[in-house]
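All remarks here apply to the structure that follows.
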Amino acid sequence: MKLDKRPILLVFGTSADPIHAGHIHLVTGAVRALQARGEHVAEVMLMPVFRHHNLQDMVKRSLPLTFEHRFDLSQLAADEIKTELGQQDLKLSVSRLEESLARSSNRPNFTSETISSLRQQIDPGLKIAFLIGVDSFSGDEPGFGKWFQWQRLLETAMLVISPRQGFEPNFGYLQFLEDQGADLVYLEDLSIPEISSREIRARLEEGDSPEALAAEGIISPEAAAYIRSRDLIRVWNTLDSQQPQSVVMEETMQNDDLETQIGKLLFQKKLTLSLAESCTGGLIGHRLTNVPGSSEYFMGGIVSYAYQAKVKLLGVSWNTLKQHGAVSAEVVRQMAQGARKAFNTDIGLSVSCIAGPGGATPTKPVGTCWCGISFGETDRQYHFLLEGNRLQVKEQLAQKALESLLNLLQENS
């Protein structure tokens, strides 16, 4: 492998709340270790995570709510790193890239996506080095191998792997990555103090003062002052006392109902969904939001019952409505596309029907239903002819639409 001797931009992404002395020690130690190996570290970038796909604890669920505080604390940390290193030519920055990407996509973003986006924004004369813990490279089946587009990440960035107490690197796996062309370095001599953001929050919530933790060297005096002035202990107490249960993180079970199966697949694939409902009047949205954790993937819906709503809110063409009628393949296609655009989601699902008892035509009897799904480059329309009274037709169409969505998700797995 050809050595890449470009100056380094060292990126440290973190969901820590709060960032603490262990992180300061990790970053400063990594810079010095890289420099000792002959690398030129030109810039260090701290990147607070905006949303996290792993929602196993409340801290990660509340990340968007605390982003501005975490960003400010990261700026204080950057100043501390700059002072600690004492290298005037070393640039320190804090990035909002994760926030920008998550807000634009309405979902958490993968590391490979973040680094690829960063690559497009910075000087091509800089080499990106991503600082990552060894826990992702330990065990018989290292977790890094399950990362989304990990090959793409290897092509975009050098991996700077830091030790972590209790985790030993799988050297065979590291060799495998190098054989795949990875530029990586394991900082085996780096010693990192074991400090936990979760434990810091717990101590503060139980009554310890920020100043006491600063005196112990766990957080900086500047961070302690910030926590005090922004009343962050009260904020954390409020967030940590809320423990919503989310089934979408669990493995799919045989007895899962239809909307739960859909929710788990959407969550696992990091896909977002929006709806455009006509005759069902919000019934599909009602079923989707019965799943705890559905806010992770369901962005919202538009009940566009009247023609005017379809045109104004979803961008359906008047000409299409006049030519084909509201209950048609052409209209549900435009409705699904309009919902997807309105909510900026990966998938748009739409429905329209003649639920009865009136509204039928010679070519469209009562029970005529259409469902549209817009996903990626695919636009599909599904036709159903259902029987029953008005409520029964609506309930059957909601079921059929969700079944169609589940089948499409399974096809793309």
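Below, the figures for the structure above:
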read-out	value
Criterion: closer than 20 Å to ALA223 by Cβ and among the basic types (Lys, Arg) - qualifying residue of ARG152, ARG70	ARG70
Test for GLU251: is it crowded, with 20+ Cβ neighbours inside 10 Å, closer than 22 Å to HIS52 by Cβ and out of contact with any Pro (no Cβ under 7 Å at 6 or more places or on another chain)	no
Subset of segment 261-287 [without any contact (Cβ under 8 Å) to a residue 40 or more places away in the chain and over 19 Å from the mean Cα position of the chain (by Cα)]	GLY282, GLY285, HIS286
Output for segment 160-173, where each listed residue is part of a helix (DSSP H, G or I) and either under 28 Å from LEU90 (Cβ atoms) or without any contact (Cβ under 8 Å) to a residue 12 or more places away in the chain (or both)	PHE171, GLY172
Tally, over segment 1-25, of residues that are part of a helix (DSSP H, G or I) and under 21 Å from ILE115 (Cα atoms)	1
Residue within segment 267-283 that is in a helix (DSSP H, G or I), of a type outside the set (Val, Ile, Thr) and in contact with a Ser or Thr (Cβ under 8 Å, 6 or more places away or on another chain) present	yes
Tally of residues being of a type in the set (D, E, K, R) and surrounded by 18 or more Cβ atoms within 10 Å (Cβ to Cβ) across segment 75-101	3
Within segment 218-265, tally of residues that are in a helix (DSSP H, G or I), in contact with a helix residue (DSSP H, G or I) (Cβ under 6 Å, 6 or more places away or on another chain) and modelled with pLDDT under 80	2
Contacts under 7 angstrom Cβ, first residue in segment 124-149 being in contact (Cβ under 8 Å) with a residue 24 or more places away in the chain, partner in a strand (DSSP E or B) and surrounded by fewer than 16 Cβ atoms within 10 Å (Cβ to Cβ), 6 or more apart	VAL134/PHE167; ASP135/PHE167; SER138/PHE167
Answer from GLU211, GLU194, GLU199 - the residue that is assigned to a loop (DSSP other than H, G, I, E, B) and in the same structural domain as LEU73 (by TED's automatic domain parsing)	GLU194
Residue count, segment 61-87 (criterion: among the small types (Gly, Ala, Ser) and more than 22 Å from ARG198 (Cβ to Cβ))	2
Given (1) surrounded by fewer than 20 Cβ atoms within 10 Å (Cβ to Cβ); (2) aromatic (Phe, Trp, Tyr); (3) touching a residue at least 24 places away in the same chain (Cβ under 8 Å), index of the condition TYR307 fails	(3)
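This table checks each residue for (1) touching a helix residue (DSSP H, G or I) at 6+ places or on another chain (Cβ under 7 Å); (2) surrounded by fewer than 19 Cβ atoms within 10 Å (Cβ to Cβ).
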| site | (1), (2) |
| --- | --- |
| ARG103 | no, yes |
| THR111 | yes, no |
| ILE115 | yes, no |
| ARG119 | yes, yes |
| ASP123 | no, yes |
| LEU131 | yes, no |
| ASP135 | no, no |
| GLY139 | no, yes |
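For (1) crowded, with 20+ Cβ neighbours inside 10 Å; (2) not in a helix (DSSP H, G or I), each residue gets a yes or a no:
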| residue | (1), (2) |
| --- | --- |
| ALA355 | yes, yes |
| GLY358 | no, yes |
| TRP370 | yes, yes |
| GLN381 | no, yes |
| VAL393 | yes, no |
| GLN399 | no, no |
| LEU402 | yes, no |
| LEU409 | yes, no |
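The values are calculated or read from the model by the stated rules, or taken from the named source; none is laboratory data. In this text the structure is predicted, and so the values were computed from the model without any measurement. Positions of Cβ are backbone-derived with ideal geometry, glycine not excepted, and every protein chain shown enters the neighbour counts.
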